[in-house]
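This report concerns only the one structure given below.
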Amino acid sequence: MLLRTGDRRCANSTLVMARRRTTIEGRAAETIAKLTSKNQITLPKAVVSKFPGAEYFAVREVDGEIVLRPVRMHSLDAAWRKIESLGITEKDVADAVRWARRPKNRVKSSAK
């Protein structure tokens, strides 16, 4: 049941969810999440509990809807293990960074 402004039961808001299970634009929805002034949304616990361990979500827009997909962020431990297995040391990495940041020799044009 949705209450709209002007309804005696509705205070100042444009749209109020009166029951937990309602219909929005013809589709079933469990809850409504509010966007804060800092662009933050709290995801309903019932939904988040279906994705244990998920801390990060890929966000995209599809046909006017916001789609969240849980993603796993991997630490750099695997990359460091690979580097170590190749015999590359921290000094090798520092030398490579120094080489990549070296000033480039620029050819000066003799035309004036």
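Could you tell me how many of the residues in segment 37-55 are on the phi > 0 side of the Ramachandran plot and at pLDDT below 90?
Matching residues across segment 37-55 total 1.
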Only one of A78, A58, A94 is assigned to a helix (DSSP H, G or I), at pLDDT 85 or above, among the small types (G, A, S) and loosely packed, with under 11 Cβ neighbours inside 10 Å. Can you tell me which?
A94
Give me the residue from segment 61-75 that is closer than 17 Å to V47 by Cβ and not β-branched (V, I, T) and, out of that set, surrounded by the fewest Cβ atoms within 10 Å (Cβ to Cβ).
E65
Cβ-Cβ under 6 Å pairs, at least 6 apart or on other chains, segment 36-55 side assigned by TED's automatic domain parsing to the domain that holds V67, far side not in a loop (DSSP other than H, G, I, E, B)
F51/P70; A54/P70
Tell me which residues, restricted to segment 82-91, are among the hydroxyl-bearing types (S, T, Y) and surrounded by fewer than 10 Cβ atoms within 10 Å (Cβ to Cβ).
S85
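Restricting to segment 81-91, name every residue that is among the aliphatic types (A, V, I, L, M) and in a loop (DSSP other than H, G, I, E, B).
Of all residues in segment 81-91, those among the aliphatic types (A, V, I, L, M) come to 83, 86, 88.
Answer for segment 81-91, where residues must be among the aliphatic types (A, V, I, L, M) and in a loop (DSSP other than H, G, I, E, B): L86, I88.
The values are calculated or read from the model by the stated rules, or taken from the named source; none is laboratory data. What you see is a predicted model, and the numbers here were worked out from it, not measured in a lab. Cβ sites come from the backbone with ideal geometry, for glycine too, and all protein chains shown count toward neighbours.
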